[in-house]
Amino acid sequence: MGNYKVYISDDLRKLAKTISQPDFSEVAILVDENTRACCLPLLLRAIPALKNALILEIPAGENFKTIDTCSRLWEELLNRHVDRNALLINLGGGVIGDMGGFVASTYKRGIAFINIPTTLLAQVDATIGGKLGVDFGSVKNAVGLFVNPAAVLVYPGFLKTLPDDELMSGFAEMIKHSLISSAQHWKSLKKVTPLKTKNWETLIHASLLVKRKLWRKTRWKKTSARR
């Protein structure tokens, strides 16, 4: 999608092919307290090569999606002597993806990053488009940029770690995608009981295809308007 790939699989080990490249001098993983407890152990078990990765942890929540948090992350990367050939893996929901990508794209003029979204909302929305940023003052995503990740891994297994309201929030986004642009997707979603379905891989893929189509159309219009 664009100039990067989105992998959707119930086999988390497929990520190993993406991050075991010799070009990366070091790997860091950005988490919050929730993904450190619920998702990081699954990732480390699936990919033993990550056991020596540098773990960067921030508090969970939109309130911490700020320049101050970015400053602390930049400082830690510098103190650990992380160079420009490193890779940052963003393991979390929308806040982690937005801010982690922003931190990576600005640290030493940009290092590679991979997003592993762990919430349904992030898997069907933030995965597409390379939208990065942080809140500033009272304005959401006031500071940011568009930079694509090296890759995105969508692992539906992480959805088992979510509370019901988080799952329903992401499912509502999928319904919105279907109503905007895909009658077939809508027909499929009407048959689904979100809290019981085991067919997330197929449903997420269908939603991402809608998101990609809308994103390309929007980007084309923005580009044309500047000419």
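Give 131/211; 65/140; 65/108; 51/160; 160/196; 5/65 a once-over and call out the pairs whose C-alpha atoms are over 18 Å from each other.
65/108; 51/160; 5/65
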Return the carbon/sulfur percentage of the accessible area of the stretch 15-140, one whole number, probe 1.4 Å, all protein chains in place.
52
Positive-end residue of 137, 88, 156, charge dipole of the chain with Cβ unit charges:
156
Just to make sure I understand: if all protein chains stay in place, what is the order of 17, 108 by accessible area at 1.4 Å, largest first?
17, 108
Sum of -39500 (n - 2.57) over DSSP H runs of 4+, divided by residues of the chain (222 nm, nearest 500)
-13000 deg cm²/dmol
Relative contact order (percent) for the stretch 32-128, with alpha-carbon contacts under 8 angstrom and 6 or more residues of separation?
26
Taking the Cα centre as origin and putting +1 on Lys and Arg beta-carbons and -1 on Asp and Glu beta-carbons, what dipole magnitude results for the stretch 1-132, to the nearest 20 debye?
400
To the nearest 10 square angstrom, how much accessible area does residue 164 have with a 1.4 angstrom probe?
90
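Could you give the accessible area per residue of the chain, probe 1.4 Å, as a whole number in Å²? All intermediate terms of the calculation are to be shown ahead of the outcome.
Details: 11990 Å² over 227 residues.
It amounts to 53 Å² per residue over the chain.
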Checking the a/c ratio against 1.5 first, then a/b against b/c, what shape does the Cα gyration tensor give for the stretch 120-163?
oblate
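Rounded to the nearest 5, what % of DSSP beta bridges with both residues in the stretch 1-151 are antiparallel?
In the stretch 1-151, DSSP labels about 25 percent of beta bridges as antiparallel.
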For the chain the mean separation of alpha carbon contacts under 8 Å (6+ apart) over residue count, i.e. relative contact order in percent, is 21
Rounded accessible area of residue 186 (nearest 10 Å², 1.4 Å probe):
90
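The values are calculated or read from the model by the stated rules, or taken from the named source; none is laboratory data. What you see is a predicted model, and the numbers here were worked out from it, not measured in a lab. Neighbour counts run over all protein chains shown; Cβ positions are idealised from the backbone, glycine included. SASA here: full protein model, heavy atoms, side chains in, ligands and nucleic acids out. Shrake-Rupley method; radii C 1.70, N 1.55, O 1.52, S 1.80 Å.
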